[in-house]
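Take a look at the structure below.
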Amino acid sequence: MNQSARTKTGAVLVALVALAVLSSRASPGFALADVPKAVGRSIAKALGSRPERPARPKETSQRGASSFALSDIPRRYLDVYTEAASTCPALTWQVLAAIGKIESDHGRSSAPGVRSGVNRFGCCAGPMQFNIRNGSPSTWDTWGTGVVAQVYDPAHAVPAAARKLCGDGLARPQRIRTDPCPSVVGSAALHTALRRYNNACWYVHEVVTLAGRYTSTAPVLAPSKDPFVRALVRNRRITTTTSHGCDPKADLASGRVDLRVQSLLAVIAERYRIRLSCLRTGHSRFVKGTTRVSNHTVWRAVDIDVVNGHPVSRTSKVSRTLVVWLDGLEGPLRPSEIGSPFNLGRRPYFSDEGHQGHVHVGYGVEG
């Protein structure tokens, strides 16, 4: 290729990437406004991504998969993650697998939109949760095949996610100068690409952390040293108390709290000032009156006893507002149980004598 041709190709590539970045906002749950269907596939082609399936990957033992990855990820998905990541030099299969875990538990989730239809927001579908409704074109039109039925097939959905991540920052990592999530471990380019997949730093944190757990050679970072955890501990909108016999401050600082609880606290603190009354330490092993192990015991629950300076009670309007807001959460942050003074009469809510002075939020086993 002569100098003139190289210059022309470079100019076209820059224009395509700029168009996609400017038009893409946040995640597959958001449409790309007025961008032709072929933009995503054109970028992938210009970047050297191969549309055909690459050669069969090496044995799983050679992929850097941790024992957790091998036990958690279905073999079919592991193969697809590995193959798809190979089309983008700066992308690892562990990042794709972490997204697949968060969005659909590698296709095993029974939530609406994973295997058919759309999610509760009425837009997104498939194991990687691409937008198929908002557009035209939708993010599935741009980065996927555009065939709605194929969004539910990981063989099509995962490569589409790889193309999107590559086009949204990982294709040219050296060009990303500003880190949108400085409190998260990892590179600015990775953070940029992930935040364009889902516009939230808590999401970036979850993906990066899970990707590390899926990697056998990942450097060991003490949970208490995680910058995201440190930011939560320093957050002035999150305070703690030991008046209920628990020590939530120490628990939070330990970094052992479930990723979903960490993320939820970060999101709540953007909207409310809260006081934590219990995480794990000091809580009883069993749910009161039962032999069922409490989610507090396994780091998957939090109790909040003050919201915006008002103690949680049946007469507290701001506490009720928080509880109702929790019901609107979808995806990985949707709680498995919400106990409070308010009996809203549907799952996952409950109200009993032991939950008149605090809001309890718990999560079940991941997946």
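The values are calculated or read from the model by the stated rules, or taken from the named source; none is laboratory data. Values in this document were obtained by computation on a predicted structure and should not be read as measured data. For neighbour counting, all protein chains shown are included, and Cβ atoms are generated from backbone atoms with ideal geometry for every residue, glycine included. Heavy atoms of the whole protein, side chains included, go into the accessibility calculation; ligands, DNA and RNA do not. Shrake-Rupley method; radii C 1.70, N 1.55, O 1.52, S 1.80 Å.
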Checklist entry - Which residues, taken from the range 249-276, are in contact with a Pro (Cβ under 9 Å, 6 or more places away or on another chain) and within 17 Å of Pro335 (Cβ to Cβ)? => result Val257, Leu259, Arg260, Ser263, Leu264, Leu276
Checklist outcome for this item: Inside the range 136-185, the number of residues satisfying the requirement of being polar (S, T, N, Q) and more than 25 Å from Trp202 (Cα to Cα) is 4
Next on the checklist: Here is a check on your reading of the model: is Ser284 open to solvent by less than 60 Å² (accessible area, probe 1.4 Å) and modelled with pLDDT under 95?
Outcome noted: no
Checklist entry - For the range 84-107, how many residues are outside any loop (DSSP other than H, G, I, E, B) and either closer than 13 Å to Leu165 by Cα or not charged (D, E, K, R) (or both)? => result 12
Item to check | Selected residue (criterion: least open to solvent (accessible area, probe 1.4 Å)) from residues of the range 114-130 that are modelled with pLDDT of 95 or more and among the polar types (S, T, N, Q) | outcome: Gln129
Checklist entry - Which of the residues that make up the range 311-334 are loosely packed, with under 14 Cβ neighbours inside 10 Å and closer than 21 Å to Asp258 by Cβ? => result Trp325, Gly328
Checklist entry - within 15 Å of Leu265 (Cα to Cα), without any contact (Cβ under 8 Å) to a residue 40 or more places away in the chain and touching a strand residue (DSSP E or B) at 6+ places or on another chain (Cβ under 8 Å), is that true of Ile304? => result no
Checklist entry - Taking the range 137-154 as the region of interest, how many residues are open to solvent by 30 Å² or more (accessible area, probe 1.4 Å) and either free of Cβ contacts under 8 Å to residues at least 12 places away in the same chain or touching a helix residue (DSSP H, G or I) at 6+ places or on another chain (Cβ under 8 Å) (or both)? => result 5
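Yes or no, residue by residue, for (1) aromatic (Phe, Trp, Tyr); (2) open to solvent by 20 Å² or more (accessible area, probe 1.4 Å); (3) farther than 21 Å from Val323 by Cβ:
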site: Ala222; (1), (2), (3): no, yes, yes
site: Val229; (1), (2), (3): no, no, yes
site: Thr239; (1), (2), (3): no, yes, no
site: His244; (1), (2), (3): no, yes, no
site: Ala250; (1), (2), (3): no, yes, yes
site: Ser254; (1), (2), (3): no, yes, yes
site: Val257; (1), (2), (3): no, no, no
site: Arg260; (1), (2), (3): no, yes, no
site: Val267; (1), (2), (3): no, no, no
